[in-house]
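Heads up: the structure comes next, in structure tokens.
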Amino acid sequence: MNRREFLYGLNASLGSVAFTSLLAQSAYAANAKQRHYRLAKAKRCIFLYMEGGPSHIDTFDPKPKLDELHLNEFHRSGEQQSAMSSGKRYYVKSPFEFQKAGQSGADMSRLWRHLAGVADELCFYRGLQVESVNHPTANYHVNTGNRFGGDPALGAWVNYGLGTENENLPGFVVLPELSHPQGGPSNWSSGFLPPTYQATALRPVGSPLLDIHPPPGVTRTQQRRNLDFLARLNQRHARRHPQHAELAARMRNYELAFRMQMQVPDIVNIDSEPEETRAMYGVGREPTDNFARRCLLARKLVEKGVRFVQLYASTWDSHDYIAKAHASRIHNVDQPIAALIKDLKQRGLLDETLIVWMGEFGRTPDNGIRGGIKYGRDHNPDAMTVWLAGGGVKAGHTIGATDEIGAHAVEGVRPLRDLHVTLLHLLGLDDNKLTYFHAGRFKQLSQFGGGVIKELIA
């Protein structure tokens, strides 16, 4: 058997994990690294990404003024974010009633029946502004700090900065929906960081990872001998071609894939969880089952030492029929998210786990005239709601504010880079120290520096 045939044979059992994860920890990152801020509470992060741009006006930021302005027409001219927001417009009130939830009196649409029960664990932030109104560039901006893509994802930076808590599992895992978000896997790549730090994307249906079991007739002892032999061949090649940096990463990936076979099958087996736990998340029932399984899997992953887990929930892009569209999305995610918070708290993990909920931008208080009046909203980079939980955030508080119609943030206004810096800070990382030399300069998540939003930190 020649080397090419051998590689092909080994690939048949480990290929999916070894070549798509690219996440085995290097010798440098094999163990947890020392954090910049030792007193930081958060050790890991679960990022709940609501792709499409959820409307703050219809979820967590009520605007009674829009009741007065409902269906009033006006014409917007001058410089605008996009052609979408210009021309003939009309104001749209929220179709949802709001409530004051918890002792903190948090503003929530009444559709958040389950999340209202954990309202006092949440810190709402209404002062954020972003820079793009186009979904792909906005996704890149939130996930990487760069609207044009190509830079490391937030999770990759965290993986690079903190290392792994479990050398047998990836440090950064993404749980996408059946279709990837706009912009694709670049939303969770390692960019210019070594490929070791990019995410492992688990499949949303069927087995989360393919080929996690050896093929029939192949024992772990045989796999171990094969890997050792392959390592010797690769080491010989590396000595002859030291410029081939990806080979070292590939060697580490084979090793990680081998070790993952011991832990992954148990972790991804949601059905092994107690019935009451699965019921709490909404597993096995519609419309919650899909997102519930991924929320429960996220808990299992961080419990086993995965540093950064990102979950996607799409189709929040409600230009028309927002009452039906947003209601559907909230029904999908409400119970699973509330259960995730409760479950982490019951297990003593919430204080050490930072949870982030946000989309790529907010929505406008008005809509365009497109073939008749349909109650929806356009993209809005100037106002949105983000909420945080666990991990040292100021629970039970609402920080910042938008104007009376929800068009612009007017209090506690900060750019996205400051939120990125704050998230790193909560995880014990200093954006100014978390750098990587690339293309002639030291680069960082914030691109060119930012400030911590201290009001969000307990």
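Name, by its number, the condition in (1) under 25 Å from residue 388 (Cβ atoms); (2) out of contact with any Asp or Glu (no Cβ under 8 Å at 6 or more places or on another chain); (3) in a loop (DSSP other than H, G, I, E, B); (4) of a type outside the set (Gly, Ala, Ser) that does not hold for residue 334.
Condition not satisfied by residue 334: (3).
Restricting to segment 151-171, and then to whatever is closer than 15 Å to residue 428 by Cα and part of a loop (DSSP other than H, G, I, E, B), can you tell me which residue is modelled with the lowest pLDDT?
Checked segment 151-171; the qualifying residue modelled with the lowest pLDDT is 164.
Pairs please, first residue from segment 344-357 and within 15 Å of residue 387 (Cβ to Cβ), second anywhere and charged (D, E, K, R) and modelled with pLDDT of 95 or more, Cβ atoms under 6 Å, 6+ apart in sequence or on different chains.
Going by the 6 Å Cβ cut-off, the qualifying pairs are 353/44.
Among the residues of segment 434-444, is any over 30 Å from residue 104 (Cβ atoms), hydrophobic (A, V, I, L, M, F, W, C), in contact (Cβ under 8 Å) with a residue 40 or more places away in the chain and out of contact with any Ser or Thr (no Cβ under 6 Å at 6 or more places or on another chain)?
Yes, segment 434-444 contains at least one residue that is over 30 Å from residue 104 (Cβ atoms), hydrophobic (A, V, I, L, M, F, W, C), in contact (Cβ under 8 Å) with a residue 40 or more places away in the chain and out of contact with any Ser or Thr (no Cβ under 6 Å at 6 or more places or on another chain).
Might you let me know whether segment 334-344 holds any residue that is in contact with a strand residue (DSSP E or B) (Cβ under 7 Å, 6 or more places away or on another chain), crowded, with 21+ Cβ neighbours inside 10 Å, aliphatic (A, V, I, L, M) and closer than 12 Å to residue 125 by Cβ?
no
May I ask you to list pairs of residues, at least six apart or on different chains, whose Cβ atoms are under 9 Å apart, with the first in segment 110-131 being at positive phi and the second being at pLDDT 95 or above?
The qualifying pairs do not exist here.
Can you name every residue in segment 45-75 that is of a type in the set (S, T, N, Q) and surrounded by fewer than 24 Cβ atoms within 10 Å (Cβ to Cβ)?
Across segment 45-75, the qualifying residue is only 72.
Just wondering, is there one or more residues in segment 200-223 that are out of contact with any strand residue (DSSP E or B) (no Cβ under 9 Å at 6 or more places or on another chain), modelled with pLDDT of 65 or more, assigned to a helix (DSSP H, G or I) and more than 29 Å from residue 153 (Cβ to Cβ)?
The answer is yes, given that some residue of segment 200-223 is out of contact with any strand residue (DSSP E or B) (no Cβ under 9 Å at 6 or more places or on another chain), modelled with pLDDT of 65 or more, assigned to a helix (DSSP H, G or I) and more than 29 Å from residue 153 (Cβ to Cβ).
Checking residue 325 against (1) out of contact with any Lys or Arg (no Cβ under 7 Å at 6 or more places or on another chain); (2) more than 27 Å from residue 41 (Cα to Cα); (3) assigned to a loop (DSSP other than H, G, I, E, B): exactly one of these is not met. Which one?
All conditions pass for residue 325, except number (3).
Being of a type in the set (S, T, N, Q) and within 23 Å of residue 105 (Cα to Cα) is the filter here; which residues of segment 347-395 pass it?
385 - this is the single residue of segment 347-395 that is of a type in the set (S, T, N, Q) and within 23 Å of residue 105 (Cα to Cα).
Kindly state which strands (runs of 3 or more DSSP E) lie completely within segment 356-458 and contain at least 2 residues that are out of contact with any Gly (no Cβ under 8 Å at 6 or more places or on another chain) and aliphatic (A, V, I, L, M).
So the answer is 386-389.
In segment 156-197, what count of residues is obtained for those that are among the small types (Gly, Ala, Ser), within 13 Å of residue 435 (Cα to Cα) and touching a Phe, Trp or Tyr at 6+ places or on another chain (Cβ under 8 Å)?
The total comes to 1.
Just checking, does segment 99-122 include any residue being among the charged types (D, E, K, R), touching a helix residue (DSSP H, G or I) at 6+ places or on another chain (Cβ under 7 Å) and either closer than 22 Å to residue 426 by Cβ or modelled with pLDDT under 95 (or both)?
So far as segment 99-122 goes, yes, one or more of its residues are among the charged types (D, E, K, R), touching a helix residue (DSSP H, G or I) at 6+ places or on another chain (Cβ under 7 Å) and either closer than 22 Å to residue 426 by Cβ or modelled with pLDDT under 95 (or both).
Looking at 161, 127, can you tell me which residue is surrounded by 21 or more Cβ atoms within 10 Å (Cβ to Cβ) and touching an Asp or Glu at 6+ places or on another chain (Cβ under 8 Å)?
Details: 161 fails: touching an Asp or Glu at 6+ places or on another chain (Cβ under 8 Å).
Within the list 161, 127, the selection yields 127.
Of the conditions (1) among the small types (Gly, Ala, Ser); (2) within 26 Å of residue 162 (Cα to Cα); (3) more than 23 Å from the chain's Cα centre (by Cα), residue 407 clears all except one; give me its number.
(2)
The values are calculated or read from the model by the stated rules, or taken from the named source; none is laboratory data. Just so it is clear, the model here is predicted, and its values are computed rather than measured. So basically every Cβ, Gly included, is an ideal-geometry build from the backbone, and we count neighbours across all protein chains shown.
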